[in-house]
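Below you'll find the structure, written out as structure tokens, and then a few comments.
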Amino acid sequence: MARTIIYDTSEIDKNNLNELLKETDHEIIFVEEPLSRETADREAEVVSVFITSDLSEEVMACMPKLRHIACRSTGTNHVDIKAAEIRNITVTYVPSYGDHTVAEYAFTLLLALSRKLQTTLEAVDKLDINLLDLVGFDLNGKTLGIFGAGRIGQSAARIALGFGMRVIAYDPYPNQQKADEIGFEFADKESILRQADVVSLHMPYTIDNKYFLNTNEFAMMKQGAIVINTARGQLLNQVALIQYLHNGHLGGAGLDVFEGEVLLDLDEEIAAIRNPQHSKELLMQDTELTILRAMPNVIITPHNAFNTIEALWRINETTAQNIIGYWYGETPNRFIQK
């Protein structure tokens, strides 16, 4: 009987997975905290983790019996895949759970920026309302540039077309049939940057596309353009973003992901400032986050785009299938390093 430990669990996760795994006779333990060196269990054969867990080689070494890591996410950046391969540990993931969920959230950020919702709410709260300070812009007639035209990007395109936007997209593996079916065009990176009123990132992060949007890219973008990122924080250079927001070239940014996400936790922010063992990189990210949070045309949210009742059920359903598959000698949704 395999000991299975499910880390970083909310009540929703616990209820869902109890329901989905109730017919099994394996030992299942729920832990609220993320997996770390401190919370690692030497007897665990299977662990299920969210993106806040640490699956470094050091943590894996604390679990000599570990044979399966079931990620409750599409991304696996929190897992040392090479170390897992060396230790003969299978890594599974959730390939699709919220195509429209994340796309809808990207438009939540965009609409909030286009209509200055954050500033409006603050003005109402202070009873200091000047409508001239709250003038926004229509999405109808504007051009949306999508980087990453997979399932989420395609969902974003459908939503944009519903608003009367023109949609152009870049993808290293363009699916022309889908583009024709939905009604968007493919273009190269530079063309999109120069034409788009809004740029939305929907691509996975790899070492090859770190800072996909950097100084040169922001300089190419239209005056007043909006940047939306619900993909991965490492896809854009925050220092360059701050520069182009500050000089007025960019009109705003909606960031659900960013480098230094952990710093939205006050305890982690204090630790970054006080602990000499924390890296200079983390301290720099803390400064960047402080500046971005102070900008009225920037909206920052805590990696929340996935977070709906329906998407959480789909995540847990696929995770349960991955765990059960492992127990019975199958490996559905096994992550393969490309």
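Annotations
- Where helices (runs of 4 or more DSSP H) fall entirely within region 161-258, those with at least 3 residues that are in contact with a strand residue (DSSP E or B) (Cβ under 6 Å, 6 or more places away or on another chain) and modelled with pLDDT of 95 or more are at 189-195.
- Those residues of region 11-46 which are in a loop (DSSP other than H, G, I, E, B) and free of Cβ contacts under 8 Å to residues at least 24 places away in the same chain, in sequence order: Lys22, Glu23, Ser36, Glu38, Ala40, Arg42
- Any hit, region 75-87, residues being more than 27 Å from Lys14 (Cα to Cα) and β-branched (Val, Ile, Thr): yes
- Verdict on Gln277 being assigned to a loop (DSSP other than H, G, I, E, B) and modelled with pLDDT of 95 or more: no
- In region 1-38, of all residues being of a type in the set (Ser, Thr, Tyr) and under 21 Å from Glu261 (Cα atoms), the one that is farthest from the chain's Cα centre (by Cα) corresponds to Ser36.
- Of all residues in region 282-338, those being within 14 Å of Gly98 (Cα to Cα), among the polar types (S, T, N, Q) and in a loop (DSSP other than H, G, I, E, B) number 3.
- Taking the conditions (1) of a type in the set (Val, Ile, Thr); (2) surrounded by fewer than 23 Cβ atoms within 10 Å (Cβ to Cβ); (3) touching a residue at least 60 places away in the same chain (Cβ under 8 Å); (4) in a helix (DSSP H, G or I) in turn, Val59 satisfies each one other than (3).
- Hey, Lys65 at pLDDT 95 or above, part of a loop (DSSP other than H, G, I, E, B) and not acidic (Asp, Glu) or not: yes
- Search result, residues across region 77-107 that are farther than 18 Å from Arg151 by Cα and touching a strand residue (DSSP E or B) at 6+ places or on another chain (Cβ under 9 Å): His78, Val79, Asp80, Ile81, Ala83, Ala84, Glu85, Ile89, Thr90, Val91, Thr92
The values are calculated or read from the model by the stated rules, or taken from the named source; none is laboratory data. Values in this document were obtained by computation on a predicted structure and should not be read as measured data. Note: ideal-geometry Cβ built from the backbone for every residue, glycine included; neighbour counts use all protein chains shown.
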